[in-house]
Every structure is written in structure tokens, then in C-alpha cells.
1. With all protein chains present, how much of the accessible area of the range 27-112 (probe radius 1.4 Å) comes from carbon and sulfur, to the nearest whole percent?
2. Go ahead and run the numbers for FRET between residue 51 and residue 93, Cβ-Cβ distance against an R0 of 41 Å, rounding to 0.05.
3. What length, rounded to one decimal in nm, is gained on full extension from residue 64 through to residue 43, with 0.36 nm per residue of separation minus their alpha-carbon distance?
4. When the chain is fully extended, how far beyond the present Cα-Cα distance does residue 105 get from residue 83, taking 0.36 nm per residue of separation?
Amino acid sequence: MSQEFSTSSLCVHVTMTHKEETMSEHLSDNAPIPQKIGVREFRGNLTAYLRQVRQGSTILVTSHDEVVAELRPPAASYRPRRQPGALRGRIRKSEDFDQTPPDILESMDRDL
């Protein structure tokens with residue numbers, strides 16, 4: 001896909017590969033443009049880039065100008081976090097919960 005942007009006397013021509021075009025479709029309109037870095041640069045500063053991702057940035061890792069990985073924060077979990085005590089007062093146990101039924105006691109007394 002080829003696009004041209006122009007402002008007054010400045011004209012910039014951008015060519016995107018199919019992979020980059022597909023990735024840009026997945027990004028929302030208000031999301032910042034992902035930062036592109038090479039594999040060697042990423043490997044050398046791994047901790048700093050992971051910190052940026054944790055803070056919400058998206059990073060595209062490239063090798064020979066081809067995107068090989070996309071790093072972004074994980075999607076929010078669809079399962080709500082467990083809240084201890086949320087079922088308090090809703091669970092009841094029967095009165096004879098800790099008593100062994102007579103038929104089971106008889107079967108344990110029998111010879112095998």
C-alpha cells in the first residue's frame with residue numbers, strides 16, 4: 001500500500017508491506033504508532049523495551065526491515081479476579097455433614 005502525505009512544501013511518500021498494513025489495521029485510531037527496532041537493538045536493551053511494553057507501548061521487532069515480532073501488553077483477562085469471601089453466607093452444610101451413614105459403617109465392619 002502506498003500513501004502520500006503533504007503539508008505545505010513537505011511531501012512524504014510511505015510504502016507499507018502487507019504485514020505492516022495488516023498490523024496497522026489492528027491498531028485503534030487513537031493508539032500511538034508502534035516503535036520499530038531491530039533484533040540486535042532489542043536484544044541489547046531488552047529490559048528497557050519490556051519496561052516500555054509494560055507501560056502500554058507497542059514495539060515491532062524487525063529483521064532486515066521485515067517485522068518478525070510484535071510486543072504489546074497482554075489483553076485484559078476475561079475472568080474477574082477471585083475475591084475471597086465473595087460467597088460468605090451463601091454456602092451451607094447439612095447438620096449431619098461430619099457423621100458417617102450407618103450403611104457405610106456396617107460395610108466397613110464386614111469381612112472381605
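1. The nonpolar share, carbon plus sulfur, comes to 50 percent.
2. About 0.25, to the nearest 0.05.
3. Once the chain is fully extended between residue 64 and residue 43, it gains 6.1 nm.
4. Length gained between residue 105 and residue 83: 4.0 nm.
The values are calculated or read from the model by the stated rules, or taken from the named source; none is laboratory data. This one's a predicted model, so the numbers in the text were calculated from it and none came from an experiment. For neighbour counting, all protein chains shown are included, and Cβ atoms are generated from backbone atoms with ideal geometry for every residue, glycine included. To get the accessible areas, we keep the full protein, side chains included, count just its heavy atoms, and leave off ligands, DNA and RNA. Shrake-Rupley method; radii C 1.70, N 1.55, O 1.52, S 1.80 Å.
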